[in-house]
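So the structure is just underneath, and the comments pick up after that.
The values are calculated or read from the model by the stated rules, or taken from the named source; none is laboratory data. What you are looking at is a predicted structure, and each value in this text was computed from that prediction instead of being measured. Please note: Cβ atoms are built from the backbone with ideal geometry, for glycine as well, and neighbour counts cover all protein chains shown. Note: areas computed on protein heavy atoms with side chains; ligands, DNA, RNA excluded. Shrake-Rupley method; radii C 1.70, N 1.55, O 1.52, S 1.80 Å.
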Amino acid sequence: MSRRGGRQYDDGVGTGAGETEGAGASRKRRGSRNDHFAPVPYRPPVSKEQRVLFIACEGEVTEPQYLDHLNARYGDGGDGERQPFLIHPISAKNGLIPSRTVAAVLGHKQADGEEAWVLFDRDRHNDIPKAFADAAAANIQVCFSHPSFDLWLLLHFQAMSGRQSGSNKDVVKKLRAAHSAFRSFDVKNDKSVKGDRRDALDDDDAARKAVRHARSLVNQCEHGGCKADNRKPKAVPRDSVPESDRKWAARSGHAEDCLVLQRDPSTDVWRLLVSLGVVDDRSG
(Lines give C-alpha, C1' and ligand atoms only; values in the text may rest on other atoms or scores of the structure.)
Protein backbone atom coordinates (compact mmCIF):
# COMPACT_ATOMS: atom_id res chain seq x y z
CA MET A 1 0.00 0.00 0.00
CA SER A 2 1.12 3.53 -0.71
CA ARG A 3 1.92 5.69 2.31
CA ARG A 4 1.26 9.03 0.64
CA GLY A 5 -1.67 10.99 2.05
CA GLY A 6 -5.25 10.66 0.95
CA ARG A 7 -6.90 7.34 0.27
CA GLN A 8 -4.96 4.13 0.69
CA TYR A 9 -5.85 0.86 -1.01
CA ASP A 10 -5.49 -2.70 0.18
CA ASP A 11 -4.42 -4.91 -2.69
CA GLY A 12 -5.40 -8.29 -1.34
CA VAL A 13 -8.28 -9.97 0.36
CA GLY A 14 -8.07 -12.69 2.98
CA THR A 15 -10.77 -15.19 3.69
CA GLY A 16 -10.72 -14.65 7.45
CA ALA A 17 -11.48 -17.34 9.97
CA GLY A 18 -15.28 -17.37 9.90
CA GLU A 19 -17.26 -17.68 13.11
CA THR A 20 -20.54 -19.50 13.38
CA GLU A 21 -22.55 -16.68 15.00
CA GLY A 22 -23.32 -14.82 11.79
CA ALA A 23 -26.36 -15.12 9.57
CA GLY A 24 -24.27 -16.52 6.75
CA ALA A 25 -21.34 -15.45 4.62
CA SER A 26 -21.41 -12.21 2.64
CA ARG A 27 -22.68 -12.60 -0.90
CA LYS A 28 -20.47 -9.82 -2.24
CA ARG A 29 -17.45 -10.65 -4.35
CA ARG A 30 -14.31 -9.26 -2.75
CA GLY A 31 -11.22 -7.68 -4.28
CA SER A 32 -8.16 -9.52 -5.55
CA ARG A 33 -4.44 -8.90 -5.76
CA ASN A 34 -4.82 -7.86 -9.40
CA ASP A 35 -6.93 -4.80 -8.62
CA HIS A 36 -5.48 -1.43 -9.61
CA PHE A 37 -6.43 1.91 -8.11
CA ALA A 38 -5.90 5.55 -8.98
CA PRO A 39 -4.12 7.37 -6.11
CA VAL A 40 -5.87 10.22 -4.32
CA PRO A 41 -3.87 13.49 -4.52
CA TYR A 42 -1.54 14.04 -1.58
CA ARG A 43 -2.61 16.70 0.92
CA PRO A 44 0.18 17.91 3.23
CA PRO A 45 -0.44 18.17 6.98
CA VAL A 46 -1.88 21.45 8.21
CA SER A 47 0.42 21.48 11.23
CA LYS A 48 2.26 19.22 13.64
CA GLU A 49 -0.90 19.30 15.75
CA GLN A 50 -2.90 17.62 13.03
CA ARG A 51 -4.49 14.35 14.07
CA VAL A 52 -3.92 11.54 11.55
CA LEU A 53 -6.25 8.57 11.24
CA PHE A 54 -6.01 5.53 8.97
CA ILE A 55 -9.49 4.06 8.56
CA ALA A 56 -10.07 0.79 6.72
CA CYS A 57 -13.53 0.46 5.20
CA GLU A 58 -15.60 -2.56 4.32
CA GLY A 59 -17.24 -0.70 1.44
CA GLU A 60 -15.47 0.32 -1.73
CA VAL A 61 -17.34 3.58 -2.36
CA THR A 62 -19.77 4.89 0.26
CA GLU A 63 -17.61 4.86 3.38
CA PRO A 64 -14.40 6.19 1.75
CA GLN A 65 -16.32 9.02 0.09
CA TYR A 66 -17.99 9.87 3.38
CA LEU A 67 -14.58 10.03 5.08
CA ASP A 68 -13.36 12.30 2.28
CA HIS A 69 -16.38 14.49 3.08
CA LEU A 70 -15.28 14.70 6.73
CA ASN A 71 -11.79 15.74 5.62
CA ALA A 72 -13.13 18.45 3.32
CA ARG A 73 -15.81 19.77 5.66
CA TYR A 74 -14.15 19.56 9.07
CA GLY A 75 -10.51 18.56 8.68
CA ASP A 76 -9.08 22.08 8.81
CA GLY A 77 -10.12 22.46 12.44
CA GLY A 78 -12.70 25.19 11.90
CA ASP A 79 -10.49 28.21 12.72
CA GLY A 80 -9.35 26.69 15.97
CA GLU A 81 -12.72 25.25 16.98
CA ARG A 82 -11.32 21.71 17.01
CA GLN A 83 -8.05 19.88 16.43
CA PRO A 84 -7.35 19.61 12.69
CA PHE A 85 -7.33 16.09 11.33
CA LEU A 86 -6.59 14.11 8.20
CA ILE A 87 -8.26 10.78 7.53
CA HIS A 88 -6.63 8.30 5.16
CA PRO A 89 -9.36 5.88 3.99
CA ILE A 90 -8.17 2.37 3.16
CA SER A 91 -10.37 0.40 0.77
CA ALA A 92 -10.30 -2.33 -1.85
CA LYS A 93 -12.12 -2.94 -5.09
CA ASN A 94 -15.36 -4.85 -4.36
CA GLY A 95 -14.90 -4.27 -0.64
CA LEU A 96 -13.47 -6.12 2.35
CA ILE A 97 -14.97 -8.53 4.85
CA PRO A 98 -14.86 -7.22 8.47
CA SER A 99 -11.81 -9.19 9.61
CA ARG A 100 -10.01 -8.08 6.47
CA THR A 101 -10.53 -4.42 7.34
CA VAL A 102 -8.58 -5.05 10.53
CA ALA A 103 -5.87 -6.87 8.62
CA ALA A 104 -5.72 -4.03 6.08
CA VAL A 105 -5.12 -1.30 8.65
CA LEU A 106 -2.68 -3.54 10.54
CA GLY A 107 -0.78 -3.98 7.30
CA HIS A 108 -0.27 -0.25 7.05
CA LYS A 109 2.39 0.89 9.52
CA GLN A 110 1.34 4.01 11.40
CA ALA A 111 3.81 6.50 12.81
CA ASP A 112 3.79 7.34 16.52
CA GLY A 113 0.54 9.07 17.44
CA GLU A 114 -1.32 8.08 14.29
CA GLU A 115 -4.57 6.22 14.83
CA ALA A 116 -6.13 3.11 13.30
CA TRP A 117 -9.88 2.64 12.89
CA VAL A 118 -12.14 0.29 10.92
CA LEU A 119 -15.67 0.65 9.56
CA PHE A 120 -17.70 -2.47 8.83
CA ASP A 121 -21.31 -3.66 8.76
CA ARG A 122 -23.44 -6.54 9.95
CA ASP A 123 -24.73 -7.40 6.47
CA ARG A 124 -24.51 -11.20 6.26
CA HIS A 125 -20.92 -11.53 7.45
CA ASN A 126 -19.84 -14.46 9.61
CA ASP A 127 -16.45 -13.15 10.74
CA ILE A 128 -17.59 -10.23 12.91
CA PRO A 129 -16.57 -11.79 16.26
CA LYS A 130 -13.09 -12.40 14.84
CA ALA A 131 -12.90 -8.81 13.56
CA PHE A 132 -13.74 -7.41 17.00
CA ALA A 133 -11.27 -9.74 18.73
CA ASP A 134 -8.47 -8.84 16.31
CA ALA A 135 -9.24 -5.12 16.64
CA ALA A 136 -9.26 -5.28 20.45
CA ALA A 137 -5.93 -7.10 20.50
CA ALA A 138 -4.34 -4.32 18.41
CA ASN A 139 -6.18 -1.29 19.92
CA ILE A 140 -7.90 -0.56 16.62
CA GLN A 141 -11.07 1.49 17.06
CA VAL A 142 -14.23 -0.07 15.59
CA CYS A 143 -17.27 1.61 14.05
CA PHE A 144 -19.80 -1.18 13.57
CA SER A 145 -23.16 -0.61 11.85
CA HIS A 146 -26.15 -2.95 11.94
CA PRO A 147 -27.40 -3.58 9.34
CA SER A 148 -25.15 -1.25 7.33
CA PHE A 149 -23.37 2.08 7.03
CA ASP A 150 -26.44 3.30 5.11
CA LEU A 151 -28.19 3.51 8.47
CA TRP A 152 -25.71 6.21 9.50
CA LEU A 153 -26.60 8.21 6.38
CA LEU A 154 -30.32 7.86 7.11
CA LEU A 155 -29.88 9.13 10.67
CA HIS A 156 -28.80 12.52 9.28
CA PHE A 157 -32.44 13.03 8.29
CA GLN A 158 -34.60 10.93 10.59
CA ALA A 159 -34.66 8.44 13.41
CA MET A 160 -34.84 4.70 12.81
CA SER A 161 -35.98 1.82 14.98
CA GLY A 162 -37.05 -1.81 14.72
CA ARG A 163 -35.00 -4.94 14.13
CA GLN A 164 -33.53 -5.29 10.64
CA SER A 165 -32.06 -8.80 11.08
CA GLY A 166 -29.12 -8.01 8.82
CA SER A 167 -31.30 -6.76 5.95
CA ASN A 168 -30.60 -3.34 4.47
CA LYS A 169 -33.77 -3.14 2.37
CA ASP A 170 -35.87 -1.02 4.73
CA VAL A 171 -32.98 1.33 5.53
CA VAL A 172 -32.38 2.08 1.85
CA LYS A 173 -36.11 2.56 1.23
CA LYS A 174 -36.33 5.11 4.04
CA LEU A 175 -33.12 6.86 2.94
CA ARG A 176 -34.46 7.32 -0.58
CA ALA A 177 -37.61 8.91 0.83
CA ALA A 178 -35.82 11.01 3.45
CA HIS A 179 -34.03 13.39 1.06
CA SER A 180 -34.34 14.03 -2.67
CA ALA A 181 -30.56 13.76 -3.13
CA PHE A 182 -30.76 10.10 -2.12
CA ARG A 183 -33.81 9.23 -4.23
CA SER A 184 -31.74 7.02 -6.52
CA PHE A 185 -29.34 5.72 -3.86
CA ASP A 186 -28.28 2.13 -4.60
CA VAL A 187 -30.07 2.20 -7.95
CA LYS A 188 -27.81 0.56 -10.53
CA ASN A 189 -25.26 0.14 -7.72
CA ASP A 190 -24.86 3.90 -7.28
CA LYS A 191 -24.00 4.24 -3.59
CA SER A 192 -21.79 7.28 -4.00
CA VAL A 193 -21.68 10.12 -1.49
CA LYS A 194 -20.83 13.11 -3.63
CA GLY A 195 -22.50 16.05 -5.34
CA ASP A 196 -26.00 16.71 -4.03
CA ARG A 197 -25.70 13.84 -1.57
CA ARG A 198 -22.61 15.32 0.00
CA ASP A 199 -24.31 18.72 0.12
CA ALA A 200 -27.22 17.13 2.00
CA LEU A 201 -24.80 15.85 4.65
CA ASP A 202 -22.84 19.10 4.78
CA ASP A 203 -25.03 20.93 7.27
CA ASP A 204 -23.74 20.97 10.85
CA ASP A 205 -27.28 20.37 12.08
CA ALA A 206 -27.48 17.18 9.99
CA ALA A 207 -24.36 15.83 11.70
CA ARG A 208 -25.71 16.73 15.13
CA LYS A 209 -29.01 15.08 14.27
CA ALA A 210 -27.25 11.89 13.15
CA VAL A 211 -25.28 11.71 16.39
CA ARG A 212 -28.41 12.31 18.44
CA HIS A 213 -30.34 9.60 16.62
CA ALA A 214 -27.45 7.13 16.89
CA ARG A 215 -27.12 7.77 20.61
CA SER A 216 -30.83 7.11 20.99
CA LEU A 217 -30.37 3.70 19.41
CA VAL A 218 -27.81 2.86 22.10
CA ASN A 219 -30.18 3.97 24.84
CA GLN A 220 -33.05 2.02 23.26
CA CYS A 221 -31.06 -1.20 22.84
CA GLU A 222 -33.10 -4.27 23.79
CA HIS A 223 -30.37 -5.30 26.23
CA GLY A 224 -31.67 -2.67 28.65
CA GLY A 225 -28.30 -1.77 30.19
CA CYS A 226 -26.79 0.26 27.35
CA LYS A 227 -26.25 4.00 27.83
CA ALA A 228 -24.73 6.34 25.26
CA ASP A 229 -23.34 8.54 28.04
CA ASN A 230 -20.96 5.68 28.86
CA ARG A 231 -19.28 6.05 25.48
CA LYS A 232 -15.50 6.42 25.27
CA PRO A 233 -14.56 8.65 22.32
CA LYS A 234 -10.96 9.41 23.20
CA ALA A 235 -8.14 7.92 21.19
CA VAL A 236 -6.26 5.01 22.73
CA PRO A 237 -2.48 4.77 22.16
CA ARG A 238 -1.68 1.75 20.02
CA ASP A 239 0.87 0.54 22.56
CA SER A 240 -1.66 0.50 25.43
CA VAL A 241 -2.47 -2.77 27.18
CA PRO A 242 -5.27 -4.33 25.09
CA GLU A 243 -8.74 -4.69 26.55
CA SER A 244 -10.99 -7.73 26.16
CA ASP A 245 -12.97 -7.82 22.93
CA ARG A 246 -16.24 -7.35 24.87
CA LYS A 247 -14.92 -4.31 26.71
CA TRP A 248 -13.51 -2.91 23.48
CA ALA A 249 -16.87 -3.41 21.76
CA ALA A 250 -18.56 -1.46 24.56
CA ARG A 251 -16.82 1.84 23.77
CA SER A 252 -19.98 3.20 22.14
CA GLY A 253 -21.88 2.87 25.41
CA HIS A 254 -23.30 -0.61 25.00
CA ALA A 255 -23.03 -2.88 28.03
CA GLU A 256 -20.10 -5.29 27.98
CA ASP A 257 -22.46 -8.26 27.96
CA CYS A 258 -24.55 -6.81 25.12
CA LEU A 259 -23.70 -9.08 22.20
CA VAL A 260 -22.60 -7.14 19.13
CA LEU A 261 -24.80 -9.12 16.76
CA GLN A 262 -27.86 -8.30 18.88
CA ARG A 263 -27.42 -4.52 18.56
CA ASP A 264 -30.11 -4.16 15.94
CA PRO A 265 -30.32 -1.49 14.63
CA SER A 266 -27.23 0.47 15.64
CA THR A 267 -24.23 2.33 14.31
CA ASP A 268 -21.04 3.42 16.06
CA VAL A 269 -19.99 5.99 13.44
CA TRP A 270 -21.27 8.75 15.73
CA ARG A 271 -18.40 8.02 18.12
CA LEU A 272 -15.92 8.88 15.35
CA LEU A 273 -17.52 12.32 14.88
CA VAL A 274 -17.53 12.94 18.62
CA SER A 275 -13.91 11.82 18.86
CA LEU A 276 -12.94 14.23 16.06
CA GLY A 277 -14.74 17.11 17.76
CA VAL A 278 -17.17 17.51 14.86
CA VAL A 279 -20.10 17.16 17.27
CA ASP A 280 -20.23 17.70 21.02
CA ASP A 281 -22.74 15.03 21.97
CA ARG A 282 -23.09 16.32 25.52
CA SER A 283 -23.68 19.97 24.68
CA GLY A 284 -27.43 19.61 24.82
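This table checks each residue for (1) open to solvent by less than 10 Å² (accessible area, probe 1.4 Å); (2) polar (S, T, N, Q); (3) assigned to a loop (DSSP other than H, G, I, E, B).
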site	(1), (2), (3)
Asp112	no, no, yes
Phe120	yes, no, no
Arg124	no, no, yes
Asp134	no, no, no
Asn139	yes, yes, yes
Cys143	yes, no, no
Ser148	yes, yes, yes
Trp152	yes, no, no
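The rows are residues; the columns are (1) part of a loop (DSSP other than H, G, I, E, B); (2) in contact (Cβ under 8 Å) with a residue 60 or more places away in the chain.
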{"residue": "Lys232", "(1), (2)": "yes, no"}
{"residue": "Ala235", "(1), (2)": "yes, yes"}
{"residue": "Val241", "(1), (2)": "yes, no"}
{"residue": "Cys258", "(1), (2)": "yes, no"}
{"residue": "Leu261", "(1), (2)": "no, yes"}
{"residue": "Val279", "(1), (2)": "yes, yes"}
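For region 175-208, enumerate the residues that are assigned to a helix (DSSP H, G or I) and open to solvent by 70 Å² or more (accessible area, probe 1.4 Å).
Arg176, Ala177, Ser180, Asp196, Asp199, Asp205, Arg208
Yes or no, residue by residue, for (1) modelled with pLDDT of 50 or more; (2) open to solvent by less than 30 Å² (accessible area, probe 1.4 Å); (3) among the basic types (Lys, Arg); (4) under 22 Å from Glu81 (Cβ atoms):
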position	(1), (2), (3), (4)
Val40	no, no, no, no
Arg43	yes, no, yes, yes
Ser47	yes, no, no, yes
Leu53	yes, yes, no, yes
Glu60	yes, no, no, no
Pro64	yes, yes, no, no
Leu67	yes, yes, no, yes
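Do we have Lys174 as without any contact (Cβ under 8 Å) to a residue 24 or more places away in the chain and not aliphatic (A, V, I, L, M) here?
Taking the combined requirement at face value, the residue satisfies it.
Taking the condition of being among the polar types (S, T, N, Q) and over 20 Å from Phe144 (Cβ atoms), how many residues in region 63-84 meet it?
Summing the residues that are among the polar types (S, T, N, Q) and over 20 Å from Phe144 (Cβ atoms) in region 63-84 gives 2.
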